[in-house]
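Let me begin by presenting the structure, written as structure tokens, before commenting on it.
Throughout, read-outs are computed from the coordinates displayed, never taken from laboratory work. This is a predicted model, so every value here is computed, not measured. Every residue, glycine among them, receives a Cβ derived from its backbone with ideal geometry; neighbour counts consider all protein chains shown.
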Amino acid sequence: MTEIDDLLKGLEVCPDLRARVEHVLNLLPTEVREDFLHDPGFTIALDNYVPGQGSTVFMAMPGPTGDSSRSIVLKPLLADCNKDFAWYVIAHEFAHAFLRNGAWGEIADPEDAANALGAHWGFPRPKETPWSRFRRR
């Protein structure tokens, strides 16, 4: 089993999503990918939300030095939507984890920073998104 296989173990029940996450992970800059692979506090989980019942996601506790965990939780719907949109969302979440939900350069807002870094990595927000049709009037 490779380090990537170990990191993606929680996505085994959703092979199409696992493939999409692996695609994005393999296209990230080497230093970013290595940061994730060698951080024991970094995890990728599948959201198991059930309406009326909630969800359960396990995350690592902060380490003895106070280092917090970094986790991303992905919805299974990302396996079925347009691949460019799924790759954008996955890269956006990786960017949040890499930036530790903080700024990137001059971009202070964490959402804008994650969008910009994801685009820098080659995963810009697509013009058409699953909710685009609801915004047209």
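The table that follows gives values for the structure above.
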| quantity | calculated |
| --- | --- |
| Radius 14 Å from Cβ of ILE4, net charge of other residues (Lys, Arg +1; Asp, Glu -1) | -4 |
| Residues GLU22 and GLU128, FRET efficiency given R0 of 25 Å [Cβ-Cβ distance, rounded to 0.05] | 0.55 |
| Gain on full stretching of the segment that runs from ILE4 to ILE107 - 0.36 nm per residue minus C-alpha separation | 34.1 nm |
| Potential extension, ASN82-ALA119 segment - 0.36 nm per residue separation minus Cα distance | 11.6 nm |
| Taking GLU3, GLU31 and counting other C-beta atoms within 10 Å, the order from fewest to most | GLU31, GLU3 |
| Total formal charge among the other residues, if their Cβ is under 9 angstrom from that of PHE98, Lys/Arg +1 and Asp/Glu -1 | +1 |
| Inter-label distance for LEU37 and VAL13, nm, one decimal - labels placed 7 Å from Cα along Cα-to-Cβ | 2.7 |
